[in-house]
């Protein structure tokens, strides 16, 4: 199914956004997030952005104080996922203007909505920033 | 609206309040959250939808980021979902996709909501509903909403069509019959020129093709077109994924795509696409030498790049290449070796795997040397990673790549001394395993074991205890190869052994016993005198010699008379003199005395055994030590007999026994296993005395069982003393029914060697030779002649085990999804794979002629077929599928049987599908015969 989950975690290891594309119980999620965050945050800038964990491959990237972690299955192309993360950040940047952790905290549902526009059922369906953002802009206008 | 509810909504805290509040809580966050949750529980019961939805929104937030259970609000979420306002719906859908799963009880209630929204005129509502469906769809939802999804697949709003395509994957997975309805439209979308749609469709197919590539071969022309025409890297990557699955199945397809892929390889600027090309070439097109060369060239660029990501991926790609093209690794050897000391542990592990892939019997010693040096310098985690991979690589296929076992055993010894070593158990297993399997290595094994045992520092490292246990066992079992048994004894009894866990201490004591017996035997029995082996055979069978001291005495008294043995006074091997023996006995008594009070029963019992043995022998030893001159008779001779007997018991070869050995003994004709054995009681009654004798002195074998050998079982041979066989034979004559007829020849005819040769007196070497002879057919066939030193024989018994494992491998089951896809793609014709392939090649060649025609081709054919064959096509197809599968995986009998049951199940489910079909007929204005799974007309 390609992408299994997407996490945004700050430097302190607090989850700021979690999106799963397969069902995990709360306990499983808590354990998984704990393990992954511990593993990834311990790594430094000079090390590669890929970590194997259980049966996942974690592709992660750090932007300012936020870590973007994407769990994928073994078939997935790691570099494409890195590009996907970058696209996600750029899209949010365009929407919020110089996006930061607080934007995501206070507009979690918007962040989720963008993700839903980009990814469905674990595969990337939309890669154009304009297309991703147009529904959100419409909705904001309407309300 | 009532007062309190208005108050509630006026003073309700918004999500923003909660987030702000949470940010202010440095401590007591939990208290704050539970207070908020309390509010939410109240608010969510409100009749006012905006209050309710806000509560739900807050709850989703807490659930998403703080792991609070949201399931109690499932029904409330449904209530919010029914709100006409879009903003409410959005909140509800979000909460539902977060929390609903297959076992949510209210899942059934959502179907109508979803259907309503899927048919809505507001495209964003439809989109929300699709999104939700893609997350929570189960069998029922997928089945019930298939018509809606089907309609959306050709929606003229691209936004919706794209999302519908993405949902199809989940719908197919949950409800394979929907393939019959939706597949055609899905395929049509492959020809859409819009990149949004295309990216979604290709994404779906790349997922589908992962699971069962063969079914999608007929679509290869469409994929090929996309591969050639696509300008979008996302799409190209997905198509490449599809081809990497399809190409291995169809050589002509591989030939066709290799050129375009190489073009991409050369020209693309995007690293992600480049990497995907490399991966496709090395996994699926590895027969195309030029393509592989090109790809390896690109891999090299990755390897030398600054970016650690590229380096990591380059190493990974190289590992895939290594399976078929080892030259690629050797070409990049320096980079790989250098990466072993990279700053990134992931890169280190990746390069370690690569290095291990390079290992062959020619370079194993050099590579291991390099790696052990790395291990010495590395951090503990990576050190053990290295050791673990050396161990697993070297032991692969029964030490296939090891030629020089002396070297390997000393390497094992060296590895266990590395400070961070935590792989003790594996080393233990291998030391024992090699000791049992490779006869020639035993002297070296004993030397290595001695070096380990004699070092008091090692006893303090708990990770090494298991290695020490193996060393102790080996030095006891093969003590005859030891240069200095006395020193060995000191090592086994050194005071620091108290640091060992009792299970290992027992091994130490038992080994000390063996060493002692060996010393005594060397000194008193072998030293020049001839012990008539026959004399032992004359022992009356009835002698009860359980481990108690009395029986030992009895034994000696009874046999005192016929002793005619003179024991020698000159010891053969230099260091063992009578004096040293006396010292030895004193040492043992001193060291083990305190253990008689040990709390661990095993330790206590073994110590007692050993001390009891000393009690028996010591007086006589002292006697002879004083007298120096041999004139003793009677008792002294008995002692030497005891020594002899013990020695023989210990020197008996322990052979490896296959795990499934018992299974190889075929059931004899007359034997009824399920018969009532009540009358056996009576027979057992007169069996009693010999059976107790059968265990005489043999208890040592039972004790060895405690060692837990990896793949080996120690077969207890109760016929330890030949004399008991006569009685047994008599018994056998009387009660032949209860014996396996001619047990021994049975074993041989089943071509596996008896674990323990019943030859008691023959010397060990003879025994081993026999074993080797018997196992000749199962020995390693490869004896490399280009080595100065021939590879020693490795006793191998595990073919059966391997088969066992192979059988356990999970069958790649044809699931109903791919079955359905095949039905749609191939129609109901009798399509053996070759036919479909020729279809495909036709299509490939007629590519330029006209798309429509090719496209309808297979379907048209299939339609004819359906009309011709009608009902019978179902049966025939089933059979052909079965055959095809059998072709693909010729497995063992068991698997075959499983497959058959699989097929039965499949047939059943097909009938089941038939039923659904008829239901569908009501909904769709189509003529579909209920019995035959004919493709609906609209698919053709």
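The values are calculated or read from the model by the stated rules, or taken from the named source; none is laboratory data. Treat the numbers as computed from the prediction; the structure is a model and nothing was measured. Quick reminder, even Gly has a Cβ in these numbers, built from the backbone with ideal geometry, and neighbours come from all protein chains shown.
Residues that are closer than 14 Å to residue B:344 by Cβ, within 9 Å of another protein chain (Cβ to nearest Cβ) and touching a residue at least 12 places away in the same chain (Cβ under 8 Å) within the range A:46-77 comprise A:49, A:50, A:51, listed in sequence order. If you go through the range B:8-22 and keep only what is touching a helix residue (DSSP H, G or I) at 6+ places or on another chain (Cβ under 8 Å) and assigned to a helix (DSSP H, G or I), you end up with B:8, B:9, B:15, B:16, B:18, B:19, B:21, B:22.
Scanning the range A:125-134 finds one or more residues that are farther than 13 Å from residue A:92 by Cβ and touching a residue at least 12 places away in the same chain (Cβ under 8 Å). Condition check for residue A:30 on (1) at pLDDT 90 or above; (2) more than 9 Å from every other protein chain (Cβ to nearest Cβ); (3) surrounded by fewer than 17 Cβ atoms within 10 Å (Cβ to Cβ): one failure, at (2). Could we say that residue B:65 is on the phi < 0 side of the Ramachandran plot, more than 11 Å from every other protein chain (Cβ to nearest Cβ) and without any contact (Cβ under 8 Å) to a residue 40 or more places away in the chain here? It is false that residue B:65 is on the phi < 0 side of the Ramachandran plot, more than 11 Å from every other protein chain (Cβ to nearest Cβ) and without any contact (Cβ under 8 Å) to a residue 40 or more places away in the chain. Residue A:2: surrounded by 22 or more Cβ atoms within 10 Å (Cβ to Cβ), within 10 Å of another protein chain (Cβ to nearest Cβ) and in contact (Cβ under 8 Å) with a residue 60 or more places away in the chain, yes or no? Spelling it out, residue A:2 is indeed surrounded by 22 or more Cβ atoms within 10 Å (Cβ to Cβ), within 10 Å of another protein chain (Cβ to nearest Cβ) and in contact (Cβ under 8 Å) with a residue 60 or more places away in the chain.
Against the condition surrounded by 20 or more Cβ atoms within 10 Å (Cβ to Cβ) and either at negative phi or within 12 Å of chain B (Cβ to nearest Cβ) (or both), how does residue A:96 come out, does it pass? So residue A:96 does not fit the description; no. You will find that of B:34, B:60, B:53, the residue that is under 13 Å from residue B:94 (Cβ atoms), free of Cβ contacts under 8 Å to residues at least 40 places away in the same chain, under 47 Å from the mean Cα position of the chain (by Cα) and not in a loop (DSSP other than H, G, I, E, B) is B:60 and no other. Only a single criterion out of (1) touching a helix residue (DSSP H, G or I) at 6+ places or on another chain (Cβ under 8 Å); (2) under 17 Å from residue B:65 (Cβ atoms) is not satisfied by residue A:28, namely (1). Checked against the criterion of being farther than 18 Å from residue B:59 by Cβ and away from every other protein chain (no Cβ under 14 Å), the candidates B:113, B:76 yield just one match: B:113.
Residues in the range B:293-324 that are more than 22 Å from residue B:348 (Cα to Cα) and surrounded by fewer than 22 Cβ atoms within 10 Å (Cβ to Cβ) were compared, and the one that is farthest from the other protein chains (Cβ to nearest Cβ) is B:293. Note on the range A:6-27: among residues that are in a strand (DSSP E or B) and more than 9 Å from chain B (Cβ to nearest Cβ), the one that is farthest from residue A:83 (Cα to Cα) is A:10. Residues in the range A:99-108 that are touching a strand residue (DSSP E or B) at 6+ places or on another chain (Cβ under 9 Å) and surrounded by fewer than 20 Cβ atoms within 10 Å (Cβ to Cβ): A:100, A:101, A:104. Taken together, the criteria exclude residue A:143 from residues that are at the interface with chain B (Cβ under 9 Å from one of its Cβ atoms) and in contact with a helix residue (DSSP H, G or I) (Cβ under 6 Å, 6 or more places away or on another chain). The set of residues in the range A:33-45 that are at the interface with chain B (Cβ under 9 Å from one of its Cβ atoms) and in a helix (DSSP H, G or I) contains only A:33. Can you find a residue in the range B:509-517 that is at pLDDT below 50, closer than 14 Å to residue B:645 by Cβ and within 46 Å of the chain's Cα centre (by Cα)? Looking for residues that are at pLDDT below 50, closer than 14 Å to residue B:645 by Cβ and within 46 Å of the chain's Cα centre (by Cα), one finds none in the range B:509-517, hence no.
Could you list, in sequence order, the residues of the range B:339-351 that are closer than 11 Å to residue B:315 by Cβ and assigned to a helix (DSSP H, G or I)? B:339, B:346, B:347, B:348, B:349, B:350, B:351, listed by residue number. Tell me yes or no: at least one residue of the range B:271-279 is more than 20 Å from residue B:317 (Cα to Cα) and surrounded by fewer than 22 Cβ atoms within 10 Å (Cβ to Cβ). No, the conditions are met nowhere in the range B:271-279. Within the range B:207-231, track down each residue that is surrounded by fewer than 21 Cβ atoms within 10 Å (Cβ to Cβ), within 14 Å of chain A (Cβ to nearest Cβ) and part of a helix (DSSP H, G or I). Hits for the range B:207-231 are B:210, B:211, B:213. Has the range B:349-359 got at least one residue that is more than 25 Å from the chain's Cα centre (by Cα), modelled with pLDDT under 85 and surrounded by 14 or more Cβ atoms within 10 Å (Cβ to Cβ)? Checked the range B:349-359: no residue is more than 25 Å from the chain's Cα centre (by Cα), modelled with pLDDT under 85 and surrounded by 14 or more Cβ atoms within 10 Å (Cβ to Cβ). When residue A:115 is tested against (1) at positive phi; (2) within 14 Å of the chain's Cα centre (by Cα), only condition (1) is not met. For the range A:109-130, a residue qualifies if it is facing chain B (nearest Cβ under 7 Å) and either within 22 Å of residue B:203 (Cβ to Cβ) or surrounded by 22 or more Cβ atoms within 10 Å (Cβ to Cβ) (or both), and the qualifying residues are A:112, A:116, A:120, A:121, A:123, A:124, A:125, A:126, A:127.
Applying the criterion of at least 2 residues that are buried (at least 16 other Cβ atoms within 10 Å of the Cβ) and at pLDDT 75 or above to the helices (runs of 4 or more DSSP H) found wholly in the range B:600-690 leaves B:601-627, B:635-651.
Based on what the data block shows, is residue A:41 over 19 Å from residue A:2 (Cβ atoms) and either touching a strand residue (DSSP E or B) at 6+ places or on another chain (Cβ under 6 Å) or crowded, with 22+ Cβ neighbours inside 10 Å (or both)? So residue A:41 does not fit the description; no.
Sort out which residues of the range B:79-105 are more than 12 Å from chain A (Cβ to nearest Cβ), part of a helix (DSSP H, G or I) and surrounded by fewer than 17 Cβ atoms within 10 Å (Cβ to Cβ), and write them in order of number. Within the range B:79-105, B:105 is the sole residue that qualifies.
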